[in-house]
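Have a look at the structure below before the remarks.
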Amino acid sequence: MEVLQKIADNLLRLRERKPLVHHITNYVTVNDCANITLAIGASPVMADDIAEVEEMASFASALVLNMGTLNARTIESMLATGQKARQRGIPVVFDPVGVGATSLRTSTAKQIIREVRPTVIRGNMSEIKIIAGLDVAIKGVDSVASEDAGESVASNLSHKLDCVVAITGKTDIIAQGNRIYRIDNGHALLSQITGSGCMATSLIGCFCGAADDWFAATAAGIVTMGLAGELAHASLQPGDGIGTFHIRLFDAVSVINPDILKKGGKIDEL
Amino acid sequence: MEVLQKIADNLLRLRERKPLVHHITNYVTVNDCANITLAIGASPVMADDIAEVEEMASFASALVLNMGTLNARTIESMLATGQKARQRGIPVVFDPVGVGATSLRTSTAKQIIREVRPTVIRGNMSEIKIIAGLDVAIKGVDSVASEDAGESVASNLSHKLDCVVAITGKTDIIAQGNRIYRIDNGHALLSQITGSGCMATSLIGCFCGAADDWFAATAAGIVTMGLAGELAHASLQPGDGIGTFHIRLFDAVSVINPDILKKGGKIDEL
Amino acid sequence: MEVLQKIADNLLRLRERKPLVHHITNYVTVNDCANITLAIGASPVMADDIAEVEEMASFASALVLNMGTLNARTIESMLATGQKARQRGIPVVFDPVGVGATSLRTSTAKQIIREVRPTVIRGNMSEIKIIAGLDVAIKGVDSVASEDAGESVASNLSHKLDCVVAITGKTDIIAQGNRIYRIDNGHALLSQITGSGCMATSLIGCFCGAADDWFAATAAGIVTMGLAGELAHASLQPGDGIGTFHIRLFDAVSVINPDILKKGGKIDEL
């Protein structure tokens, strides 16, 4: 109850402050990330050239680094901007898309974690296990790892890296040290469109950009995305499929309010 | 009345000629720009490699330069293609996204204006004021500048740069020297999705690609975008949000016809 | 009848195997390509940096190369990955977007064909005729070539390059040597959105990734796309336009099943 109130307060503060959220992200889901940022009430800036990224980060309220389609040029920009953001004290939310799938992704994720020290890391179970140094099977950028023991994986990694760790999947787990949230919102259709994970990361960035408590802000982002999935699914008519579901996610996020979050959020503190 | 007739004629000519509109644009809204170009009846080409852009511009009917996610590689392409397009006498429509937000954007916009001499410049009030050398507060790529005195800002800049200047916002203002249009179409939801500005610029490119009078063609593009926002909003059902609104914009542009423009266009010549 | 049964079997196998389909594609329609891949039941990976593409191709089930917005960096990646894929024996589906429009596109397409030896080439009539060395008028990236004699064009090119050749248009033609399919599914609205061709190519990649018979797999991809166009059109309400049609394509592909393919597929073996 108290947790949901905190999440609802986070939404009010986000909509009041309209944080500017700088993204260096991939070209597959970048439009979705920008629109979900607007839908929740924040302001997106997408810029990735080394000649301007540090300046952009100098007036942003949060930075999202997403390595979905990383390349030599954008890796350099992510590192420089991430360090700049941390110097300024603004939160950096890192989405290690596909870490473990290739050595470039694994080494880049490690370098970003080492040199930027993200405030929040969000990934699926495979990605987080890889970052934690555990053995997992990898198939492209989708998770095939077992979701058992997520709490200890998240908590241990959070201790080790001194950051909030969020694992999204059937059940979502968020850890900040020994504090753990389990979130049971969401819908299976979210895994049948591209960008659900990226948008969850962007929403975390939006909430972090208007908050001081990054654990609660991360929970707010993930509850919002999960609830949007449920609302989008509930709105489908016979014959509707993933195209309509995809669009309905933006509808849902744009109409979500504190009451909907408090009524629909399914979150437990362990 | 006479203005709206001219705009309606522009639409007929566009659909008859199906101009090829070459874009060098950003990766956030590029899909929207291509689809809005198709929706209005023109043909989009997106190409940005220096090894082919001048050749692409050599058979295009208009060129759109949009610096939403500029980088060293695409800046070079914009400059070379822009000059080529002007040599050929085809219109160049420039969207200085986020000018003023970073020094890279400001210097690039100045260089494009100086070396390409665009036919039309479209921006929000902050962007146009920055280009005019006026003092404005900047917050990322969204406008926070006062919309007062837009007519004189647009007219003065038009005189100075010898081009059509369009400022979009609550009220849109278009100037070609002392000639000024005020347009009152549009809907507040347009500012809650990414790409409204970019799509307006693309529509201007489409109309310019089939016209000789670039002042009227610019007005046609902006009236079309604003009216599409109104029609999209009017079609929403309870529970619909910005996702459905976004999709309905393409629906609206694809079904707009001269009658709809003449009945719904709200444009005054000052 | 037998052909449609084969196509239906291909769909079952695809959904059982969920092949990972690696794309090196353009930034205009990449989101559509990823979502159509998920809609049909496969798994997309988009990665284009030379430092990881060969590794990504080493565990993919199929590779899609689409030169919609090619540049020096991605051309290098396409060539290296394509060769790697062929060494591994996985199918490579090539979409020579806009070949003939610029000399960069023409020389790149030739180089990819020579060095990669694609398994399937899909293009519109202009693109395939250019690759076949025939004279055609070019207007940007859209086809303006006559659709006469498509069977002999496709068959001759298939013999020459020892690959499956697919020409999509009002009627689609697929050739593998002397074997030819004509497909009469589809809807005119497919040419009024961007990405129909790219998505058809992605679907071919998905089917090829789960099949051994690449002729049938290519037919399955093209019938699916055409049928999705028909279903999307049939679902439109008054006032709907290309925005809703675009979204409905994903709905249709996500709900298509073997029965729908067998009832709706219009395919003849010549």
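The values are calculated or read from the model by the stated rules, or taken from the named source; none is laboratory data. Nothing here was measured: the structure is a model prediction, and the numbers come from that model. Glycine also receives a Cβ, built like all others from the backbone with ideal geometry; neighbour counts cover every protein chain displayed. All accessible areas refer to the heavy atoms of the entire protein, side chains included, with ligands and DNA or RNA removed. Shrake-Rupley method; radii C 1.70, N 1.55, O 1.52, S 1.80 Å.
Report yes if B:L38 is within 14 Å of chain C (Cβ to nearest Cβ) and in contact with a Pro (Cβ under 7 Å, 6 or more places away or on another chain), otherwise no. Step through it out loud before you land on a result.
Numbers: within 14 Å of chain C (Cβ to nearest Cβ): yes; in contact with a Pro (Cβ under 7 Å, 6 or more places away or on another chain): yes.
Against the criterion (within 14 Å of chain C (Cβ to nearest Cβ) and in contact with a Pro (Cβ under 7 Å, 6 or more places away or on another chain)), B:L38 qualifies.
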Picking from B:G195, B:G221, the residue that is under 17 Å from the mean Cα position of the chain (by Cα) and at negative phi would be B:G221
Select from the range C:96-113 the residues that are polar (S, T, N, Q) and open to solvent by 20 Å² or more (accessible area, probe 1.4 Å) and list them in ascending order.
C:S103, C:T106, C:S107, C:Q111
All but one of (1) closer than 27 Å to A:M56 by Cβ; (2) surrounded by fewer than 20 Cβ atoms within 10 Å (Cβ to Cβ) hold for B:R182, so report the exception by its number.
(1)
Condition first: more than 12 Å from chain C (Cβ to nearest Cβ), in contact with a helix residue (DSSP H, G or I) (Cβ under 7 Å, 6 or more places away or on another chain) and without any contact (Cβ under 8 Å) to a residue 60 or more places away in the chain. Now tell me which residues in the range B:48-80 satisfy that.
B:L65, B:M67, B:L70, B:I75, B:M78, B:L79, B:A80
For the range B:198-209 the number of residues that are out of contact with any helix residue (DSSP H, G or I) (no Cβ under 7 Å at 6 or more places or on another chain) and assigned to a helix (DSSP H, G or I) is 2
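Let's see how each residue does on (1) β-branched (V, I, T); (2) over 23 Å from B:T102 (Cα atoms):
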residue: B:I40; (1), (2): yes, yes
residue: B:D48; (1), (2): no, no
residue: B:A51; (1), (2): no, yes
residue: B:A60; (1), (2): no, yes
residue: B:N66; (1), (2): no, no
residue: B:A72; (1), (2): no, no
residue: B:I75; (1), (2): yes, no
residue: B:M78; (1), (2): no, no
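Tell me, yes or no, whether the range B:199-217 has at least one residue that is in contact with a His (Cβ under 8 Å, 6 or more places away or on another chain) and within 14 Å of chain A (Cβ to nearest Cβ). Even if it seems obvious, please write down each step before you answer.
Initial filter on the range B:199-217 (in contact with a His (Cβ under 8 Å, 6 or more places away or on another chain)): B:202, B:205.
Keeping just the survivors that are within 14 Å of chain A (Cβ to nearest Cβ) gives none.
Among the residues of the range B:199-217, not one is in contact with a His (Cβ under 8 Å, 6 or more places away or on another chain) and within 14 Å of chain A (Cβ to nearest Cβ), which makes the answer no.
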Would a scan of the range B:188-197 turn up a residue that is surrounded by fewer than 23 Cβ atoms within 10 Å (Cβ to Cβ), in a loop (DSSP other than H, G, I, E, B) and not small (G, A, S)?
no
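Which one is nearest to C:G221 (Cα to Cα), of the residues in the range C:148-187 that are in a strand (DSSP E or B) and among the small types (G, A, S)?
Taking the range C:148-187 first, the residues in a strand (DSSP E or B) are C:164-168, C:172-176, C:179-183.
Next cut, among the small types (G, A, S) only: C:166, C:175.
Numbers: C:A166: 10, C:A175: 14 Å.
Taking the candidates together, the pick is C:A166.
Collect the residues in the range A:255-270 that are within 14 Å of chain B (Cβ to nearest Cβ) and open to solvent by 30 Å² or more (accessible area, probe 1.4 Å), keeping them in residue-number order. Walk me through how you get there before you give the answer.
Initially, the range A:255-270 is screened for residues within 14 Å of chain B (Cβ to nearest Cβ), giving A:255-257, A:260.
The answer is A:V255, A:N257, A:I260.
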Among (1) under 30 Å from B:K262 (Cβ atoms); (2) at pLDDT 95 or above, B:A80 falls short only on (1)
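Inspect all residues belonging to the range C:25-43 and state whether any of them is of a type in the set (A, V, I, L, M, F, W, C) and farther than 19 Å from C:T218 by Cα. Give the derivation first.
Filtering the range C:25-43 down to residues of a type in the set (A, V, I, L, M, F, W, C) leaves C:28, C:30, C:33-34, C:36, C:38-40, C:42.
When the remaining residues are screened for being farther than 19 Å from C:T218 by Cα, the result is C:28, C:30.
Scanning the range C:25-43 turns up at least one residue that is of a type in the set (A, V, I, L, M, F, W, C) and farther than 19 Å from C:T218 by Cα.
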Subset of the range C:218-246 [more than 28 Å from C:R179 (Cα to Cα) and away from chain B (no Cβ under 14 Å)]:
C:L231, C:A234
For the range C:1-35 the number of residues that are at the interface with another protein chain (Cβ under 8 Å from one of its Cβ atoms) and hydrophobic (A, V, I, L, M, F, W, C) is 4
Within the range C:114-129, count every residue that is touching a Pro at 6+ places or on another chain (Cβ under 9 Å) and either surrounded by fewer than 24 Cβ atoms within 10 Å (Cβ to Cβ) or not in a helix (DSSP H, G or I) (or both).
6
Note on the range B:94-119: residues at positive phi and within 12 Å of chain A (Cβ to nearest Cβ) are B:G98, B:G100
Which residues, taken from the range A:210-245, are in contact with a helix residue (DSSP H, G or I) (Cβ under 9 Å, 6 or more places away or on another chain), open to solvent by 20 Å² or more (accessible area, probe 1.4 Å) and more than 16 Å from B:G239 (Cβ to Cβ)?
A:D213, A:W214, A:G239
